[in-house]
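What follows is a set of notes on a single structure, which appears directly below.
Read-outs: derived from the displayed coordinates by stated rules, not from any lab. Predicted model, so just to flag it, every value in this text is computed and none were measured. Counting neighbours? That spans all protein chains shown, and the Cβs are built from the backbone with ideal geometry, glycine included.
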Amino acid sequence: MAKHKRPDDFASDDVAKPTDDPMIPTRKSGVQAGLEEVAGSETLFHAIVTDSFDIGRDPEANLVIRKDTKTSRKHATITRRGQAYFIEDNGSSNGTLVNGAKIAAATELKVGDKVKIGNREFTFARRTGD
């Protein structure tokens, strides 16, 4: 009988181990964590592919948010620790919200959590594929 995984279960053989180099992808299989965003009739999936995933207006960020004056250049960072993911505000002017509450410290993300950065809202998600 096959073992069923919870949708927020990142502790599996499908998940690559964290690396010492933040630019080496952490995912080497079909399991991905990321931020989903609804844009019109389309759902975009921004995969978290490094142990330290930067979000902001800075063109060097992993997820660049353009044309949003409520988003700081280096707004927030998602960090992978083992199989858990934490989001931290980087001292932005407008803050980072998780499920409607402004975060003051690193906060663990769970599947389905709503993350608001500037005028954009994302849902923390897990996807499986090939």
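Cross-linked pairs LYS74/LYS116; LYS74/LYS110; LYS74/LYS114: Cα-Cα separations exceed 21 Å for LYS74/LYS110. Summing charges over neighbours of THR43, with a neighbour being any other residue whose Cβ is under 12 Å away from its Cβ, gives -2 when K and R count +1 and D and E count -1. Here's the picture: charge each Lys and Arg Cβ at +1 and each Asp and Glu Cβ at -1 in the stretch 36-85, and of SER52, SER72, ALA84 the one pushed furthest to the positive end of that dipole is SER72. For GLN83 and LYS114, a Förster radius of 22 Å and the Cβ-Cβ distance give a FRET efficiency of 0.55, rounded to the nearest 0.05.
Amide H to amide H, with H built 1.01 Å from N, THR96 comes under 5 Å of ILE103, counting only residues 5 or more places away or on other chains. Kirkwood analysis of the Cα pair distances in the stretch 31-126 returns a hydrodynamic radius of 13.2 Å. Of the GluC sites (Glu not before Pro) in the stretch 54-130, the ones in a loop by DSSP (not H, G, I, E or B) with at most 11 other beta carbons within 10 Å are GLU60.
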